[in-house]
Amino acid sequence: MNEAIRVSLISLGCARNLVDSEVLLGHAVEEGLQVVENAEDADVVVVNTCGFIETAKQESIDTILSVARLKQEGNLKGVIAVGCLAQRYGEELGKSIPELDAVFGLSDYSGVPNVVRKIVNGSTKRWVATVDGGKPKGPRSDKKRVLLTPKSFAYLRISEGCDHKCTFCAIPQMRGRNRSKPIDVLVEEAQQLAAAGVQELVVVAEDTTAYGLDVDRKRRIHELLEKLGDVDGIRWIRLMYAYPHTVAPELTTFLREHPKAVKYLDIPIQHISSPMLKAMKRGVSDTQVRGILDRLRDEVPGIAVRTTLITGFPGEGEQDFAALRDLVTGYRFERLGVFPYSHEESTPAFEMPEQIDQEVAEARAAELMELQREVMGRFQRGFVGKTLPVLVDGYDPEAKRLVGRTYADAPEVDCHVLLPKGAAEPGTFVDAEITAADDYELTGRPLRAKQA
Ligand code: SF4
């Protein structure tokens, strides 16, 4: 009997790309391939690349090259690159890395298993920048997934692409215009995830607050969240990637009142000085952004707000940077990510005058994160002595403890809580008294497991 062909996947980049990886593996399983965790144990390795910023692009290329070495050593029969970098630079990748057997841009990847099979069966053809990878994504493309996240949570991608024209960003060039998935399809996906034991839905898109706009020019994110709230088994609904243009009162009402809403919002603002917001073509003024941030505090008491900021954007003067410093120390975001501007070719900002030295951009980012350390430290210490529901994600063999998250922690980007080994089953909630806090980590003493 023929042994199953073994495929391994390395997923790089953002949560949206991770969903693509899960869908690709869903097709692989459906087509009878065996999914293995380690590249060393595979016949073919698929690298799902990221093409967003320079560092991510370099990481993708380094990963492909390290897998290609496995092939040269004879352990591997094939290497395939998919994802955003492949979408953006398919031809170049194929030319510059001859070890690649196939390079596929973004699609539903339903055609990849067949190509894997052909490679293993000795086909010498190279599939470079062709559409063999699958059909253009449709509303139901994300249905069959092999989850790569701990079963405690799963990402729910509610739309694909983006209509904004931020001058530093290449994502619309790779993922196209905003396309919302129908509510009934997303409810079905959520029901499937709940049936698999998922407790938390982490709702993602390029801009979640634009959900529905492409259908009938109406923002329907709050309607979708209400529907997701009706799905049995789901305990937490967390909203990421809101855009600081329109946060409707219906959305803050959901965050404030719905029993499954996590009092948390990720809303990347990127900058706060008006000249920078204008140069970035964010389509919002500093007053508008501040208005939304203040409304979140007023309309959703106790909310944890996460944002991301870019330092060193072309033309960013001392005054612009001072505005960022004041915002970080003044607004006191519970969670913050700061990124030095990445000089991205084929984006409008690439050609802008007054480019800032990379060292300056990095120094400014480090300075903001140092200010944030004090803000976060005080917020974290505020938990000591309090009892919080903690969602247990899994066991950390290095820390020899269970790792979980509070309402203020989105997976993979924020902080976590350490709990004693055996305190609870991964994928369950436990009420924990917080006994210690440092800048990025809490320690908890489990009081009791939270009933479903
Ligand atoms: S909102 Fe702006 S930064 Fe975000 S994906 Fe769209 S264009 Fe890029």
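Observations, loosely collected:
- Any chance V120 is more than 16 Å from the ligand (Cβ to nearest atom), open to solvent by less than 40 Å² (accessible area, probe 1.4 Å) and at pLDDT 95 or above: no
- Conditions (1) within 16 Å of the ligand (Cβ to nearest atom); (2) open to solvent by 60 Å² or more (accessible area, probe 1.4 Å); (3) aliphatic (A, V, I, L, M); number of the one not met by L239: (2)
- Here is the figure for segment 156-167: residues that are open to solvent by 10 Å² or more (accessible area, probe 1.4 Å) and either closer than 10 Å to V202 by Cβ or more than 7 Å from the ligand (Cβ to nearest atom) (or both) total 2.
- Candidate set from segment 259-278 (those that are more than 20 Å from the chain's Cα centre (by Cα) and open to solvent by 30 Å² or more (accessible area, probe 1.4 Å)); member that is nearest to the ligand (Cβ to nearest atom): K278
- Residue check for R145: within 16 Å of the ligand (Cβ to nearest atom) and among the basic types (K, R): no
- Within segment 279-296, considering residues that are farther than 18 Å from T209 by Cα and part of a helix (DSSP H, G or I), the one nearest to the ligand (Cβ to nearest atom): A279
- Residue within segment 30-49 that is open to solvent by 10 Å² or more (accessible area, probe 1.4 Å), under 27 Å from S342 (Cβ atoms) and within 22 Å of the chain's Cα centre (by Cα) present: no
- Scanning segment 394-417 for residues that are open to solvent by less than 10 Å² (accessible area, probe 1.4 Å) and more than 16 Å from V262 (Cα to Cα) yields L402, V417.
- Cβ-Cβ under 8 Å pairs, at least 6 apart or on other chains, segment 315-343 side open to solvent by 30 Å² or more (accessible area, probe 1.4 Å), far side of a type in the set (F, W, Y): R332/F379; H343/F350
The values are calculated or read from the model by the stated rules, or taken from the named source; none is laboratory data. These numbers come from a predicted model, not from an experiment. Quick reminder, even Gly has a Cβ in these numbers, built from the backbone with ideal geometry, and neighbours come from all protein chains shown. Keep in mind that these areas ignore ligands, DNA and RNA; they rest on the heavy atoms of the full protein, side chains included. Shrake-Rupley method; radii C 1.70, N 1.55, O 1.52, S 1.80 Å.
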